[in-house]
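The values are calculated or read from the model by the stated rules, or taken from the named source; none is laboratory data. Because the structure is a prediction, the values reported are computed rather than measured. Cβ coordinates were reconstructed from backbone atoms using ideal geometry, including for glycine residues, and neighbour counts include every protein chain displayed.
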Amino acid sequence: MKKMLKKDWTIFISTLIVAVLNFLPCEADNAAAEPQDRQGEVTSLREKSRKLEVALRSNKKELDRVREDFSDAYLQVQKLRKELDAIETGAALFLAKEAEDEKAATVNELVNDRLQLTASLKTMKQDIDRLRPFLKAILELKKTETDTELNHLIDGRLILLEKRLQALISAAEFQTPSNTNLKPGTSKVLDVNPELSAVILEGGRHTGIRIGSKWRVRTASSEFTLQILDVRLTRSVAIVLEGNVKELVVGAEATLELRQKAGNK
C-alpha cells in the first residue's frame, strides 16, 4: 500500500513539474507579445498624429487662403464704396453746377433784358426830345386861341410822357452809387434780385473783376459771400452763396476775398 501511494505521489509531482515547465514558455511568449502590442499601439498613435498634423496644416493653409480671400474681398468692397462715393459726389456737383449754370443763364438773360429795356426807353425819350421842337414850331405858325390851347395841351402831354419815361428809365436802370472811384478789390452793390439770389456789382473788366472770384459784403447786421458769374465792361453779375439775400441792400460795399488777393499776386 505504501508503495502504491509513493508511486502515485511521484506521478503527481512529475505531472506538476511537467505542467509548470509547459506553462513557463507560454508566460514567456505572453510577456514578449505585450511589448509588441504596445509598440503597435504607439506606432498607430504616431500614424494618427501624423495624419492629424497633415490635416491641421492643410486646414491652416485653407484658413489662410480664406482669410486672404476675405481680405481681398474687403479691400474690393472698400474700393467700390469709394468709387460709389466719388460717383455720387460727382453727380451732386454736376447737378449743382448745372443748376448754377442755369441760374447764371437766367440772371444774364434778365440783365440783358433790363439793359435792352433801359436802352429802348432812353431812345424813346431822345425821339420825343427831338420831336418836341418840331411840334412846337408847327403850332407856333397858328395864332388862334384854339391853336394856343392845343399847343399847351400837346406840350403838357409831352412833358407828362417824358416824366413817365424818365421814371421807367430810373426803375429799369441799375442804380449807381455816389462814389464811383473804386479801389482795386472793391465794389458796390447796384441792384439785388431776391428771387434769383442775384446781385449786380459796380465794376467789371475795366476794374479787373474776374468770373468765379468771391467777394465779401458786410453790413451792420449781416455778412454775405458772393461769387461772380458774369463780367461786363462796367458791371458784374454775382450770386449769393452765403447770407440772406433779402437783407442785402443797394449801396453796400463789397471786397474781394483776401485769399484770392494773395493768390493773384
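Scanning segment 108-135 for residues that are of a type in the set (Lys, Arg) and modelled with pLDDT under 70 turns up just one, ARG114.
If a residue must be touching a residue at least 40 places away in the same chain (Cβ under 8 Å) and crowded, with 22+ Cβ neighbours inside 10 Å, how many such residues does segment 210-238 contain? Residues that pass the stated criteria total 4.
Screening segment 239-253 for residues that are of a type in the set (D, E, K, R) and more than 14 Å from ASN193 (Cα to Cα) and picking the one that is surrounded by the most Cβ atoms within 10 Å (Cβ to Cβ) gives GLU253.
Candidates in segment 173-226 are the residues that are of a type in the set (Lys, Arg) and within 27 Å of the chain's Cα centre (by Cα); of these, the one that is modelled with the lowest pLDDT is ARG210.
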